[in-house]
Amino acid sequence: MGIEHQLTGHIKDLGEGFMVRRLLPSARRQSVGPFLFFDHFGPVTIPPGGGHAVRPHPHIGLATVTYLFEGAMMHRDSLGVVQQIEPGAINWMTSGRGIVHSERPPPALAESTYVNHGLQLWAALPQAFEEVEPSFNHTAAADIPELTLGDADIRVLVGQAWGLRSPVPTFASTLYLDIRLSAGGTFELPPLEQELALYCVDAQLEVDGTVLPSHTLALLAPGVTTTIRSTAAARLVVLGGDALDGHRFISWNFVSSRKERILQAQDDWEAQRMGQVPGETEFIPLPPRHP
């Protein structure tokens, strides 16, 4: 059997009615490879003048990985980077010792109606790199390697597979694939990484004979090839990599292998010592602290 566990996640309101389906972290599993946070948002129609605005907020100890199927978002950060995120591109922001960023509707679409749909993941940085200098890397859709294997069209977003390597820089062995499977199609997924999971984005799949509903994350057994079948045309993502080098503590937007580092980050954000996003005057306050 290829599936060890199925995670259905839960719906979370990020504020102002912006709803996401959160699959990781889970009581059953903190992470898959380096990925310890998995949000699926949309598809949601944005009317003229609408759209969810995420005010400036901080991160430490992780990389945010943003990928859109549809729509657009405007990224700004305390490094001075301004980048419109568009479908098919990978945006990898390394927080390291600390970064502040905002995500808002693009001004160019202020008078338009459009659909936003995508995923945001967090990848925990290896302990040796938790305090690296922050950075932002944008890889355009045209630079993501692609291939077709039988009934599957595959984009290698991060990592390497089937002889293709993504140009996205990482700090540990990491895999992230976007796969389109034709109606009635079959696909053989080999054990490409130490830990692997697959997520049904928009349609039910059959995984080694087990039905996997849409919007479900399947944690796969290690070391075996998995057979995936679809009745209707379907989109899925595969994610994974080497197991994390130890437990991670997660508090709000902070990730670290050390509790005391998270406490320091909380103090720094309350005192506004983590930097500012040029042109921004708002910020998200630190939530109430918990013991």
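The values are calculated or read from the model by the stated rules, or taken from the named source; none is laboratory data. Just so it is clear, the structure is predicted and the values come from calculations on it, not from any experiment. Backbone-built Cβ (ideal geometry, glycine too); neighbour counts: all protein chains shown. Remember, those area values only see protein heavy atoms, side chains included, never the ligands or the DNA or RNA. Shrake-Rupley method; radii C 1.70, N 1.55, O 1.52, S 1.80 Å.
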Item to complete: With a 1.4 Å probe and every protein chain kept in, tell me what percent of the accessible surface of the range 234-283 is carbon plus sulfur.
Response: 48
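Could you please report the charge total around Leu147, scoring K, R as +1 and D, E as -1 over all other residues with beta-carbon less than 15 angstrom from its beta-carbon?
Residues close to Leu147 contribute a combined charge of -3.
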Discussion item. Could you compute the net charge surrounding Val207? Neighbours are other residues with a C-beta less than 13 Å from the C-beta of Val207; K and R count +1, D and E count -1.
Written reply: -3
Worksheet item: In what sequence, largest accessible area first, do Asp143, Asp77 appear using a 1.4 Å probe?
Response: Asp143, Asp77
Worksheet, complete the sentence: Plugging the Cβ-Cβ distance of Arg28 and Glu111 into 1/(1 + (r/R0)^6) at R0 = 30 Å yields, to the nearest 0.05, a FRET efficiency of 0.10
Discussion item. Please list, by residue number, everything in the range 127-166 whose backbone N is under 16 Å from a paramagnetic label point 7 Å out along Cα→Cβ of Thr186.
Written reply: 149-152
Discussion item. Please compute the per residue accessible area over the chain with all protein chains in place, 1.4 Å probe, rounded to a whole number of Å².
Written reply: 42
Item to complete: Rank Gly98, Thr225, Ala27 by how far each Cα sits towards the positive end of the charge dipole of the chain (+1 on Lys, Arg Cβ; -1 on Asp, Glu Cβ) and give me just the farthest.
Response: Ala27
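With the Cα gyration tensor of the range 1-135 giving a ≥ b ≥ c as the square roots of its eigenvalues, does the rule (a/c under 1.5 for rounded; else a/b larger than b/c for prolate; else oblate) give rounded, prolate or oblate?
Note, shape of the range 1-135 comes out oblate.
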Response to the item:
Taking Cα pairs closer than 8 Å and at least 6 residues apart, the relative contact order of the chain in percent is 21
Worksheet item: Out of the DSSP beta bridges found with both residues in the chain, what percent are antiparallel (nearest 5)?
Response: 100
Item to complete: Give the peptides 121-134, 180-193 in descending order of average Cβ contacts within 10 Å, highest first.
Response: 121-134, 180-193
Worksheet item: When the Cα centres of the range 63-100 and the range 210-244 are compared, how far apart do they sit, in Å?
Response: 26
Discussion item. Which of the three applies to the range 88-198, rounded, prolate or oblate, going by the alpha-carbon gyration tensor with a ≥ b ≥ c and a/c under 1.5 meaning rounded?
Written reply: oblate
Discussion item. For percent of Cα pairs over 32 Å apart, pick the label among [x] 18; [y] 43; [z] 23 that corresponds to the value derived from the coordinates.
Written reply: [z]
Practice prompt. Keeping the other protein chains in place, figure out the carbon and sulfur percent of the accessible area of the range 47-99, with a 1.4 Å probe.
Written response: 46
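Find how much the distance from Arg104 to Glu86 grows on full extension, using 0.36 nm per residue of separation minus their present alpha carbon separation; answer in nm with one decimal. Numbers along the way, then the final one.
Details: separation 18, 0.36 × 18 = 6.48 nm, distance 1.27 nm.
Full extension of this stretch gives 5.2 nm more.
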Fill in: Accessible-area ranking of Arg21, Arg235, Arg248, largest first, probe 1.4 Å
Arg21, Arg235, Arg248
Worksheet item: Helix-derived [θ] at 222 nm for the chain: sum -39500 (n - 2.57) over DSSP H runs of at least 4, divide by residue count, nearest 500?
Response: -1500 deg cm²/dmol
Item to complete: Just add up the charged neighbours of Phe254: K/R +1, D/E -1, any other residue whose Cβ is under 15 Å from the Cβ of Phe254.
Response: +1
Worksheet item: How high is the relative contact order of the range 143-291, given as a whole-number percent (alpha carbon pairs under 8 Å, six or more residues apart)?
Response: 20
Worksheet item: Between Lys259 and Val211, how many nm apart are label points set 7 Å from Cα along the C-beta direction?
Response: 4.5
Fill in: Accessible-area ranking of Ile228, Ile284, largest first, probe 1.4 Å
Ile284, Ile228
